Amino acid sequence: MASSATTPLVKPARKPPLPALTGIRTLLAFNIVLFHFTPPHLGPLRPFVEHGFVFVNVFFLISGFILSYNYFDRGASLNKRDFWFARFSRLYPVYLLVLIISVKMLEIEWHARSHSEFWQGLFLSPLLLQGWSPSLATFWNTVAWTLSCEIAFYAVFPWLIRLPWPRKPSRLILLIGMFWIINMVPSDLYLLTNPDHLSGPIDRYTSTTLIRFLKYTPLPYAATFLAGIALSRLQLLTEITERQRLAIAAAALTALGLFFYLVSPHISYLDFTAVFSFHSSPFWSSA
């Protein structure tokens, strides 16, 4: 006679925390704050602070990395509804609170935009869909366009982890290189064709529909997010000692410093953003 007892569901083991990665995110967030409220007399830190916008790209890289680290082993068994609810409950309450706190911004938006655009932004922003519109991405809560992009990546992540990702480190490294190239293609095409017929250099203040598409919408950051997933797979498959990890991290920091001080003054805003995001890999500091 078959037993009527049901087999209890086994909850996946919680992954160990990555304190070094938390430290990196804290430093990146602090630098982004300095970028928006740049204090005077920064001295040698000025190149890092003035180019703080690129650290947003690194957050998308880390997002793909940490989601893959926590969920990849569940594969097809990952319950999409539970995953989406967990992401929503962690993100949306704080987002909604900030929207309420910043409600006075709507008065500025009303005077700065057409009435049609205002009502579109008012509808899309609470749904975290404003990032899909280049003109409305910074509506109401200016910096929340990043969360709009994150929501898009959360939506497709349960399918992404079911893809046949490479199982060899060499192929993963090649894949990451391909994502890097894909990441740079849109900005390079823009610079080569100059579709907006701009006469001056492109900087953080340049604003056209195409540039806002490259700066604020999810698609240009998709390759960066995918590279984060690939980095997580590489982390799992690669054995690196603490000493080796420390040596690679030191070399990476040295390369970043040289990049900021020697290379960044000579390349465009768009290329700088694309190139840098893959140089700040969490791979070497995640142990």
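Overview of results
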read-out	value
Selection count, the stretch 157-166, where residues are in a helix (DSSP H, G or I) and farther than 16 Å from Phe65 by Cβ	2
Subset of the stretch 142-156 (residues that are more than 17 Å from Gly64 (Cβ to Cβ) and more than 14 Å from the chain's Cα centre (by Cα))	Thr142
Every residue from the stretch 176-221 that is surrounded by 13 or more Cβ atoms within 10 Å (Cβ to Cβ) and aromatic (Phe, Trp, Tyr)	Phe179, Trp180, Tyr190, Phe213, Tyr216, Tyr221
Whichever residue in the stretch 133-171 is polar (S, T, N, Q) and assigned by TED's automatic domain parsing to the domain that holds Tyr95 and, among such residues, is surrounded by the most Cβ atoms within 10 Å (Cβ to Cβ)	Ser148
Positions within the stretch 55-100 being surrounded by fewer than 17 Cβ atoms within 10 Å (Cβ to Cβ) and of a type in the set (S, T, N, Q), in sequence order	Asn70, Ser77, Asn79, Ser89
Unmet criterion (only one of (1) within 21 Å of Tyr221 (Cα to Cα); (2) surrounded by 11 or more Cβ atoms within 10 Å (Cβ to Cβ)) for Leu127	(2)
Selection count, the stretch 216-249, where residues are free of Cβ contacts under 8 Å to residues at least 40 places away in the same chain and either touching an Asp or Glu at 6+ places or on another chain (Cβ under 7 Å) or under 22 Å from Ala152 (Cβ atoms) (or both)	2
For Trp159: the one exception among (1) of a type in the set (Phe, Trp, Tyr); (2) touching a residue at least 60 places away in the same chain (Cβ under 8 Å); (3) farther than 21 Å from Pro126 by Cβ	(2)
When residues of the stretch 164-223 are limited to those that are touching a Pro at 6+ places or on another chain (Cβ under 9 Å) and aromatic (Phe, Trp, Tyr), the one nearest to Ala137 (Cα to Cα)	Tyr216
Residue check for Phe139: out of contact with any His (no Cβ under 6 Å at 6 or more places or on another chain) and part of a helix (DSSP H, G or I)	no
Residue check, Phe139 under 20 Å from the mean Cα position of the chain (by Cα) and closer than 30 Å to Leu236 by Cβ	no
Gly52 being surrounded by 15 or more Cβ atoms within 10 Å (Cβ to Cβ), in the same structural domain as Phe260 (by TED's automatic domain parsing), closer than 24 Å to Gly23 by Cα and free of Cβ contacts under 8 Å to residues at least 60 places away in the same chain	yes
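This table checks each residue for (1) at pLDDT 85 or above; (2) within 21 Å of the chain's Cα centre (by Cα); (3) closer than 30 Å to Tyr71 by Cα.
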residue	(1), (2), (3)
Ile176	yes, yes, yes
Asn183	yes, yes, yes
Asp196	yes, no, no
Ala223	yes, yes, yes
Ala230	yes, yes, yes
Glu239	no, no, yes
Glu242	no, no, yes
Ala249	no, yes, yes
Ile267	no, no, no
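The values are calculated or read from the model by the stated rules, or taken from the named source; none is laboratory data. Worth saying up front: this structure is predicted, and the values here are computed from it rather than measured. Note that each Cβ is placed from the backbone with ideal geometry, even for glycine, and that neighbours are counted across all protein chains shown.
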